[in-house]
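J.: I have a structure here, written as structure tokens, and I will follow up with some questions on it.
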Amino acid sequence: MKPMAEHDSLAIDPRQRRQARRLALLLGAVAIAIYISYVVFALHHGHA
Amino acid sequence: MAQTEHAAAHDDHDHEHKPHGFWKRWVTTTNHKDIGTLYLVFSCIMFFVGGAMAMLIRAELFKPGMQFLDPAMFNSLTTMHALVMIFGAVMPAFVGLANWMVPMQLGAPDMALPRMNNFSFWILPFAFTLLLSTFLVRGGAPAGGWTLYPPLVLQTGDALPMAIFAVHLMGASSIMGAINVIVTIMNMRAPGMTLLRMPLFVWSWLITAYLLIAVMPVLAGAVTMLLTDHFFGTSFFNAAGGGDPVMFQHIFWFFGHPEVYIMILPAFGIISEIIPTFSRKPLFGYDAMVYATASIAFLSFIVWAHHMFTVGMPLASELFFMLSTMLIAIPTGVKVFNWSATMWKGSISYEPPMLWAISFLFLFSIGGFSGLMLAIAPADFQYQDTYFVVAHFHYVLVTGAIFAIMGAVYYWLPKWTGNMYNMTLAKWHFWLSNIFVNVLFFPQHFLGLAGMPRRIPDYSTQFADWNMVSSIGGFVFGASQILFVIVIWQCAHGGVSKATSRVWEGSLGLEWQLPSPAPYHSWVEAPSMAVIEAGAASHETHG
């Protein structure tokens, strides 16, 4: 992938970049899971 | 003046591949400093938009009787003032500070996910344009309070879906910002920058970011359910359909209380940076500060129902939420003690950042103490929905969060711009703000204890005197913020002198090892162990 600027930190070490993306995806998945679990909880509790 | 005397080279870093042109420099930027600046400018604009609403509210309340706002508009203004200040001013200001400082303090070249960083910011102007444009639609802006309680909020006109979508956008922006902060801290620290060497500002942001990821989806869930109740016939919160309106309050405050800590933990981090610098001593009890911050974050998840004692809940629940709330005073007390102990026998000087930090200590503690009063369930039945609550949370959020932000800007502005600002003007800004914020909010304690309800545009004549005093305080406090903009503007356009790299005599963190202004791309090569150890000396008292 072409970096957006010459000194862009996207040019960091590929292994580090993979780790960063994995952690970001994991945290994003946690956020989405919390969102869904609250709606499901309310569905059970709130007789929607 | 504690500015270092030695003449450090003032580097001009324009040659360092700054993109030219507005579009490339600001719209498509992936540079953490530029994005930090965007966040801070946006926050400042929102501070004045929310502030203008506060001026209108105080003008209406200047004397009893209806002056020039109709009640619906008054309610819209209180609601929108809160939403704008919380999500538009305070939170983006802290994200802006994190963008600027976290990579520089960790020895990292940038945030870990620079494109997502850009996206996180640029969502916000759209979210707030959408939110503010609700003033123009049929039925007016949301007027049910920032807590959006159903069934009241479901009476909102065309603004409801707009406000809910805006809240979703703000939440998405916050979650992405939080992910970026966590990934940067976990993955981008320079070799040798161990977790317990990180500056307290970074620690407080790491903990805040986890809070954000845990609770912003809860708010999103709550407002999605409001949306489906209103438009798709569900009955999550509709008692007539078998739903439970009190459940909304539980879900909202499960988000809402940690949200309060999202707005105050980074402030704690800032104060922990400023006090050692101007006391010329390492921070007292660094490890204890980290554990206290984590404890406050944990406790913030188990106290939410103290916001809703009066809905009626079992006595055991009231006792649990009352006592768990009071527990928060312990780690908070640890922090206040450690800040005081840092100053103890220090060689203190009173530059503007330190003035704001000391003011924070006193005034935030007032907000903390009134919080303890509100935590007492039987007493809360009296205080609930009165101006005492308004006074409490403004002491926490204005003299707490916003004073810390002011202190942070005065602390790091020379590092950002390469120029020193006008100290006299900055001190005028501090003293006017500090005096009149108390004229504004302290009388609200008296009004609340005397029984004046909040969110009411008219009031009994017995409350007239203190309301007039409070309004006068508000007008002067609001006007004095113009000085803040003047100081920043002058500093960004040359200031009174060039800043040295360390700027302040007692500053030791990694960011002060860089030239002023900080190069457009800092720490392209990781700092050496010697530099990291020198930076950590500001707080490293353990072996």
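Each value in this text was obtained by applying a stated rule to the coordinates, not by laboratory testing. Small disclaimer: the values here were computed from a predicted structure and weren't measured. Using ideal geometry, Cβ is built from the backbone for each residue, glycine included, and neighbour counts are taken over all protein chains shown.
J.: Compare the peptides B:219-229, B:512-522 by average per-residue count of other Cβ atoms within 10 angstrom and give them in order, highest first.
T.: Details: B:219-229: 22.7, B:512-522: 20.7.
My ranking of the peptides, most packed first, is B:219-229, B:512-522.
J.: Other chains near B:109-122: what is the mean number of their Cβ atoms within 10 Å of each residue's Cβ?
T.: 3
J.: Show me B:118-124, B:188-194 ranked by packing, highest mean number of other Cβ atoms within 10 Å first.
T.: Ranking, from highest mean packing down: B:118-124, B:188-194.
J.: Under 8 Å for C-alpha pairs, at least 6 residues apart: give me the relative contact order for chain B, rounded to a whole percent.
T.: 21 percent
J.: Calculate log10 I(q)/I(0) of segment B:178-269 for q = 0.21 Å⁻¹, where I(q) comes from the Debye formula with a single equal point scatterer on each Cα and nothing for solvent.
T.: Result of the Debye calculation: -0.95.
J.: Separate question: Could you give each residue of segment B:376-387 its phi-based ³J(HN,Hα) in whole Hz, using Karplus coefficients 6.51, -1.76, 1.60 with θ = phi - 60°, and x for Gly or Pro?
T.: Calculated HN-Hα couplings, in order: 6, 3, x, 5, 4, 4, 7, 7, 3, 6, 10, 5 Hz.
J.: By the scheme Lys and Arg +1, Asp and Glu -1, what is the net charge of all other residues having a beta-carbon under 14 Å from that of residue B:309?
T.: Computed value for this residue: -3.
J.: To the nearest 10 degrees, how steeply does helix B:200-231 sit against the main Cα axis of chain B, on a 0 to 90 scale?
T.: Roughly 30 degrees, rounded to the nearest 10.
J.: What residue among B:180, B:54, B:378 has its Cα farthest toward the positive end of the dipole of the protein assembly as shown, where the charges are +1 on Lys, Arg and -1 on Asp, Glu, each on the Cβ?
T.: Checked the options; the winner is B:180.
J.: Sequence-distant or interchain residues sharing an amide H contact under 5 Å with residue B:386, placed H: which?
T.: For residue B:386, whose amide H was placed from the backbone, the distant partners under 5 Å are B:454.
J.: Run the numbers for residue B:133 and residue B:381: contour at 0.36 nm per residue of separation, minus the present Cα-Cα distance, in nm.
T.: Net length gain for the segment: 85.6 nm.
J.: Then there's this: Measure off 7 Å from each Cα along the Cα-to-Cβ vector at residue B:20 and residue A:40, then give the distance between these two points in nanometres to one decimal.
T.: 5.6 nm
J.: List the residues, sorted by chain then number, that are 5 or more residues from residue B:419 or on another chain and whose placed amide H is less than 5 Å from its amide H.
T.: B:499
J.: Now for a separate question. Compute the convex hull volume of the Cα atoms of segment B:413-490, divide it by the residue count, and report the result per residue in Å³ as a whole number.
T.: 102 Å³
J.: Right, something else. Filter the chymotrypsin sites (Phe, Trp or Tyr not before Pro) in segment B:320-365 down to the DSSP loop ones having no more than 15 other Cβ atoms within 10 Å, then list what survives.
T.: B:344, B:350
J.: Further question on the same structure: Calculate, in whole percent, how much of the Cα-Cα pair population of segment B:204-320 lies beyond 16 Å.
T.: Percent of Cα pairs beyond 16 Å in segment B:204-320: 68.
J.: Rounded to a whole number, what is D in µm²/s for the protein assembly as shown from Stokes-Einstein with the Kirkwood radius over alpha-carbon pairs (20 °C, 1.002 mPa s)?
T.: Working: Rh = 24.6 Å.
Taking Rh from Cα pairs, D becomes 87 µm²/s.
J.: Helix-derived [θ] at 222 nm for chain B: sum -39500 (n - 2.57) over DSSP H runs of at least 4, divide by residue count, nearest 500?
T.: Calculated at 222 nm, the ellipticity per residue is -21000 deg cm²/dmol.
J.: Here's a follow-up. For residue B:145, list long-range residues whose amide hydrogen, built 1.01 Å from N in the peptide plane, is under 5 Å from its own amide hydrogen.
T.: Close amide H contacts, sequence-distant or interchain: B:79.
J.: Rounded to whole Hz and in sequence order, give me ³J(HN,Hα) for segment B:263-271 from the Karplus expression 6.51 cos²θ - 1.76 cosθ + 1.60, θ = phi - 60°, writing x for Gly and Pro.
T.: 8, 10, 4, x, 5, 4, x, 4, 4
J.: I would also like to ask the following. Just to check, using Stokes-Einstein with a Kirkwood Rh over alpha carbon pairs, what's the diffusion coefficient of segment B:163-214 at 4 °C and 1.567 mPa s in µm²/s?
T.: 108 µm²/s
J.: Kindly rank B:296-309, B:73-86, B:204-217 from highest to lowest mean number of other beta carbons found within 10 Å of each residue. The partial results should precede the final answer.
T.: Details: B:296-309: 20.2, B:73-86: 22.1, B:204-217: 24.9.
Highest to lowest by the protection proxy: B:204-217, B:73-86, B:296-309.
J.: Right, something else. With the contact rule set at Cα under 8 Å and sequence spacing of 6 or more, what percent relative contact order holds for segment B:406-541?
T.: Relative contact order of segment B:406-541: 36 percent.
J.: Can you give the translational diffusion coefficient of chain B in µm²/s, computed by Stokes-Einstein from the Kirkwood radius over Cα pairs at 20 °C and 1.002 mPa s?
T.: Value of D from the Cα-based Kirkwood radius: 90 µm²/s.
J.: According to a simple spin-label model (label point 7 Å from Cα along Cα-to-Cβ), what is the distance in nm between residue B:534 and residue B:337?
T.: Result: 3.5 nm between the two label points.
J.: Shifting gears a bit: Quick check: Cα centre of segment B:433-493 to Cα centre of segment B:43-113, how many Å?
T.: So the separation of the two Cα centres works out to 15 Å.
J.: Could I have the simple spin-label model distance between residue B:316 and residue B:525, label points 7 Å from Cα toward Cβ, reported in nm to one decimal?
T.: Going from the residue B:316 label point to the residue B:525 one covers 6.5 nm.
J.: Can you work out the Karplus-derived ³J(HN,Hα) for every residue in segment B:118-135? Use 6.51 cos²θ - 1.76 cosθ + 1.60 with θ = phi - 60°, whole Hz, and x for glycine or proline.
T.: The phi angles translate into 4, 4, 4, 5, 6, 5, 4, x, 5, 4, 7, 4, 4, 5, 6, 6, 5, 4 Hz.
J.: Set the bar at 28 Å for Cα to Cα. Now go through B:24/B:415; B:345/B:498; B:33/B:335 and name every pair that lies beyond it.
T.: As for pairs spanning more than 28 Å Cα to Cα, those are B:345/B:498; B:33/B:335.
J.: Here is a further query. Just going by the charge dipole of the protein assembly as shown, with Lys and Arg at +1 and Asp and Glu at -1 on Cβ, which of B:444, B:134, B:167 is farthest out on the positive end?
T.: Going by the charge dipole, the pick is B:167.
J.: Something else about it: Summing +1 for each Lys or Arg and -1 for each Asp or Glu, what net charge is found among the other residues whose Cβ lies under 14 Å from the Cβ of residue B:487?
T.: Overall, the nearby charge balance is 0.
J.: Dipole of the protein assembly as shown, Cα-centred, from +1 at each Lys and Arg C-beta and -1 at each Asp and Glu C-beta, to the nearest 20 debye?
T.: Numbers: 26 positive and 29 negative charges, 111 e Å.
With Lys and Arg at +1 and Asp and Glu at -1, about 540 debye.
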